[in-house]
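Every number here is computed from the coordinates shown, using simple stated rules; none is lab data. A quick note: this is a predicted structure, and the numbers were derived from the prediction, not measured. Every residue, glycine as well, gets a Cβ built from its backbone with ideal geometry; the counts of neighbours run over all protein chains shown.
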Amino acid sequence: MSAATPHEGPLTLTRKGIGFFSLGEDKEDLLIPPEWTNHALSGDIVKVAPAGTYRDPSGRMPPRAAGKVVEVVSRARETFVGTLVEEGGRVLLAPDYKKMHVPLLVRDAGSAPLGYKVLVRMKGWEDGADCPWGVVEEVIGKAGVHETEMRALALGQGFSSEFPPGVVAQAEELKKRGREMLAGEAARAGDGGPRRDFRSVPTCTIDPADAKDFDDALSVRTLPDGTIEVGVHIADVSFFVRPGSAFDKEARERATSVYLVDRTIPMLPEILSNDLCSLNPNEDRLAVSAVFTLDANANIVSEWFGETVIHSDKRFTYEEAQGVLDAGRGTLHAELAVLRSLAKKIRRGRQARGAIEFDTAEVKVKLDAEGNPIAIVLKERRETNLLIEDFMLLANEAVAKHLSRLTENGGAHFASLYRVHDTPDADRIENLAHLLRVLGYDLRVHAGRVTGAELNRLLEAVKGRPEEYLIKTATLRSMAKAVYTTKNIGHFGLGFDFYTHFTSPIRRYPDLVIHRLVKSHAGGAPITAAEMREFDALALHASEREVAAADAERDSVKMKQVQFLAPRVGETFDAVISGVTDRGLYVEEATTHADGMIRIKDVGEDYFEYDEKRFRLVGRRTRKTFQLGDPIKVKLIAARIPEKELDFVPS
């Protein structure tokens, strides 16, 4: 690339509108001052021309290589959710999106009153204007109301509970014909067709108590030669969702279901997700299955992948299944005991291969009928949770290997989707090792590389310690992000050379594609070369939508954590210092795991300096230190629910 050729890629902006553009590994990002961003917004794909050295007029930043945005190639987002406000005689949208550093001028607010949350479509940004302009596309509701805020979180990330008319019409048609279609297909099972009949094999589902759909089931039986057959049966969504249909187009666009604290925004309409494709007990259901013959040590003797029909004998919650195992008796006790024994052996094998056992606690918010938080607890992970996880991982890995072999045999035009997790970035691992040394732990690292076994040793060492949650979080943050791709590089976190997503087609579109591939290679409808050429774009889109869904889910929890603590302003709490910067301390409250900040001006009656190498603030006069990982008593002084932010001071 010549010096005159602009670089193309995504732009990142701070809240103050300062841009940064990556030139790739081992090169310093170009700084784009606000006056040179050319109306680009954070995440936009832009063309950037190098512009020499930028010297900050205020002198706050050292001189560094700069760039100018010469063209906005494409916008990262065209709609924004926020609150309508009036300023200087203009109606503006104050965006919820924190990376949006400017408001939007609203030229057509319709009937939306000030103080309401709305969805605005950006229409343009004229030369000389201080902000872009747009029009109201949807009025969400009055800001601060539970229903409004939850819908705003979803819409802000591009997810809507409403389905378009074409999908609604197809769903209505399926309500009339769906059961007949299902029964007709089930009747053909075992009749010389490709669909195997598992209805006589003991089968169950194990899910959370509040689950609305059941997309995976396990069957188990001992074969005459003493080996054990385990079937991992996954809802056959692809039977009802055909390529190019209204269902398919919308599912692909959504790419995932979203799980907020009080609702699910499904990828598929309810007739599919909660009815025809849900593996409900005591009903025939269509599945795509990975069936394993295992020896007593859980080694795979043989495997089969294809279409099945099943009949679940029991819908267990995790608690109910655990109760049967603990009591040593009850419905399907013998089958659950066999599955537990095999799962433990599968897990030990996975750990021996370097799978990282994070086992991080998840926060669950309990709400009353009006959506107010009444309790915040950590989700329990029982033996039965692990059992299901072990067999789902077994199936995902085996299907990935299976499709990889078939792809190689099929020639270059064949493709598959993989779920990959790259080895961690060397600098991040070195930073993690340094942080751990400060906290008194030794992580053995070689040239920025670390093994899964070494990370497991660390995670075992911190169990039950006050800093356990902090170190697990820091370790997770040092990892690469798992993504979808057509180019397999393995999964570092799981210690797998091959991995894909096969087990949740009700809530993830890539799993639906994998089902179509499994069927296609087993003699079903072929996947066309044209469809396969779209896999790269699909992988990128699914990865992006997954991040957006995770952001919405995390924000919904954060908002309820802040709302839960809001009535307790002035009270004192136990916390741990979870982050240290030159702006102050980040703390995590001990019982709710809610994050908050102590601004540097509030840390104490001294001038505190940031010691970057030791992750601490040190008082210049008193030498008092506040270090990452330290327990700290804090007083809550502010809870800003719309911003999802808490302010603390040391107590």
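Note on Thr360 and Ala453: with the Förster distance fixed at 22 Å, the Cβ-Cβ geometry gives a FRET efficiency of about 0.75.
Highest mean first, what order results for 220-232, 170-182 on Cβ atoms within 10 Å?
220-232, 170-182
For Arg263 and Val569, the difference between the fully extended length at 0.36 nm per residue and the C-alpha to C-alpha distance is 107.3 nm. Could you compute the net charge surrounding Ser651? Neighbours are other residues with a C-beta less than 10 Å from the C-beta of Ser651; K and R count +1, D and E count -1. Surrounding charge for Ser651 is 0.
Relative contact order for the stretch 79-143: what is it in percent, counting Cα pairs under 8 Å that are at least 6 residues apart?
33
Reducing the stretch 557-578 and the stretch 106-131 to their Cα centroids gives an inter-centroid distance of 34 Å. Calculated mean residue ellipticity, 222 nm, the chain: -9500 deg cm²/dmol, from DSSP H runs (n ≥ 4) at -39500 (n - 2.57) each, averaged per residue and rounded to 500. The residues neighbouring Ala143, those whose beta-carbon lies less than 10 Å from its own, together hold a net charge of 0 under the Lys/Arg +1, Asp/Glu -1 convention. Does a label point 7 Å from the Cα of Asn372, set along Cα-to-beta-carbon, have any residues of the stretch 610-647 with amide nitrogen under 11 Å, and which are they? Once the point is set 7 Å along Cα→Cβ of Asn372, nothing inside the stretch 610-647 turns out to lie under 11 Å by backbone N.
Can you classify the stretch 276-402 as rounded, prolate or oblate using the Cα gyration tensor, where a ≥ b ≥ c are the square roots of its eigenvalues, rounded means a/c under 1.5, and otherwise it's prolate if a/b beats b/c and oblate if not?
prolate
Taking a straight line from the alpha carbon of Lys624, these aspartates and glutamates sit under 15 Å away, with near neighbours fewer than eight places off in the same chain left out: Asp602, Glu605, Asp606, Glu609, Asp611.
List residues of the stretch 588-624, by number, whose backbone nitrogen lies under 18 Å from a label position 7 Å along Cα→C-beta of Ser651. Output list for this probe position: 588-599, 602-604.
Kirkwood radius, the chain, all distinct C-alpha pairs, inverse of mean reciprocal distance: 27.6 Å. Take every pair of alpha-carbon atoms less than 8 Å apart whose residues are at least six positions apart; their mean separation over the length of the chain yields a relative contact order of 10 percent. Can you pull the percent of Cα pairs in the stretch 569-650 with separation above 23 Å? Of all Cα-Cα pairs in the stretch 569-650, 15 percent lie more than 23 Å apart. Full extension of the chain between Thr14 and Val145 gives 44.3 nm of extra length, using 0.36 nm per residue less the Cα-Cα distance.
For the stretch 15-165, the number of Lys pairs separated by eight or more positions or lying on different chains, with C-alpha atoms closer than 25 Å, is 25.
Between Lys345 and Asp108, the simple spin-label model (points 7 angstrom out along Cα→Cβ) gives 6.7 nm. Which net charge results when you count Lys and Arg as +1 and Asp and Glu as -1 among the other residues whose beta-carbon is under 15 Å from that of Thr384? Once all neighbours under 15 Å are counted, the net charge is -3. From the alpha carbon centroid of the stretch 519-547 to that of the stretch 17-47 is 32 Å.
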